[in-house]
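Novice: Dropping the structure in here first, questions after.
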Amino acid sequence: MPPMRMFRPEVFKAPRDFERPDYFERLSDDSSLKVALEIGAGVGLHALTFAAQNPEVHLFAIERTAEKYQKFEQSHTIQPLVNLTSIHADAIPWVIHAVPPRSLAQVFILYPNPEPKNAAQRWFNMPFMQFLLSRMQTGATLTLASNIEAYLDEAEEQLNTVWYLPYERTQVTTARRTHFEIKYMARGEPCGQLLVTKPENYQTPFDAWTM
C-alpha cells in the first residue's frame, strides 16, 4: 500500500435529498443517549435484530444499493422500530454531513466487499477511516467481519502499522447477523471479525471538524 494520504471531507457534497438527523442535536443535551452506525446494511437483517435487542441505542443503518435498501425498508415497515433509522445513501458523504465529532458508540461493517482488484477501496486502507474515527467516542467499538482471511489479515496489519488501535480478532461461532454470515457458515466457511476500540486521548486531524 502507498502512504496514506490526507482525507478531504470538504470535497464531498451532501447526498441527494439529504436531511441532517435531529437526533444528533439531542446528544449534546443528554449524555445517556447512544448512537450506532452500520455501513452496508444490506437488506437490514442485522440492523433490525440489533435495534430490537438494544432499545437504548439508536442505530443509523446505511445501504447504497437501491434494491437491497427497498427490501430493508419493507422489513422495517413490517417491524417498525423507533430506534432504527434506515438511510439510502453512500456512506462516506452521509457520515461527513450528518455525524458530528465523538458521537458514535458503535460502528458495524459486516461482510464488506473486499474489492479484490482495488486494495485502496478497502475500509482500513481508505483515508476516510481518519474521519470515521473522529466521529467515534472514546471507548467506542468498530466491528469488521469477513469470511476472507486475507482481508482480515490486511486490516489487522493496517491497525498495527497505520491506525495504531487496540483490537481483538476472533472467529465467529454462533452469530447469524447477516444473510451473508448465514450462507457462509451454512456451507462451512470460517468467518472472523475484528473488534476495534478507540482508546482515550486518540487524536485525528478531524476531531473538531464540522460542516
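The values are calculated or read from the model by the stated rules, or taken from the named source; none is laboratory data. No experiment lies behind these values; they were computed from the predicted model shown. Cβ placement follows ideal geometry from the backbone for every residue including glycine, while neighbour counts extend to all protein chains displayed. Protein only, heavy atoms only, side chains kept; ligands, DNA and RNA dropped before computing areas. Shrake-Rupley method; radii C 1.70, N 1.55, O 1.52, S 1.80 Å.
Novice: What is the sum of charges, Lys and Arg at +1 and Asp and Glu at -1, for the other residues whose Cβ falls under 13 Å from the Cβ of Ala140?
Specialist: Details: positive: Lys34, Arg102, Arg135, Lys198; negative: Glu200.
Result for the local shell: +3.
Novice: Shifting gears a bit: Where a Cα-Cα gap under 12 Å defines reach, which aspartates and glutamates qualify for Lys71, not counting those fewer than 8 residues away within the same chain?
Specialist: The qualifying aspartates and glutamates are Glu63.
Novice: Now, a different point. Residues of the chain: accessible area per residue at 1.4 Å, in Å²?
Specialist: 53 Å²
Novice: Simple spin-label model, 7 Å along Cα-to-Cβ: Met4 to Gln203 in nm?
Specialist: The two pseudo-label positions are separated by 1.5 nm.
Novice: Further question: Once neighbouring chains are kept in place and the probe is 1.4 Å, which whole percent of the accessible area of segment 52-145 is contributed by carbon and sulfur?
Specialist: 49 percent
Novice: Once fully extended, how much extra length lies between Arg16 and Leu33, figured as 0.36 nm per residue of separation less the alpha-carbon to alpha-carbon distance?
Specialist: 3.3 nm
Novice: Can you compute the radius of gyration and Dmax for segment 45-141, using only the Cα atoms, both in Å?
Specialist: 14.1, 40
Novice: Taking every pair of alpha-carbon atoms in the chain, give the share separated by more than 26 Å as a whole percent.
Specialist: Tail of the P(r) past 26 Å holds 32 percent of the pairs.
Novice: I need the peptides 103-109, 74-80 ranked by packing, meaning the mean over residues of other C-beta atoms within 10 angstrom, with the highest value on top.
Specialist: Ranking the peptides 103-109, 74-80 by packing returns 103-109, 74-80.
Novice: A further question on this structure: Residue-wise, which Karplus ³J(HN,Hα) couplings in Hz belong to segment 34-41, taking 6.51 cos²θ - 1.76 cosθ + 1.60, θ = phi - 60°, and x for glycine or proline?
Specialist: These are the phi-based 3J(HN,Hα) values: 10, 10, 10, 10, 10, 9, x, 6 Hz.
Novice: Rounded to the nearest 500, what is the chain's calculated 222 nm mean residue ellipticity when only DSSP H runs of at least 4 contribute -39500 (n - 2.57) each, over all residues? It would help to have the intermediate numbers written out before the result.
Specialist: Details: 7 runs with 60 residues, N = 211.
It lands at -8000 deg cm²/dmol.
Novice: Which parts of segment 76-94 would a label at Gln137 reach, counting a residue when its backbone N lies under 19 Å from a point 7 Å out along Cα-to-Cβ?
Specialist: 83-85
Novice: Right, another one. Among the aspartates and glutamates, select those whose C-alpha is under 16 Å from the C-alpha of Lys198, and discard any that sit fewer than 8 residues away in the same chain.
Specialist: Hits, sequence-local ones excluded: Glu156, Glu168, Asp207.
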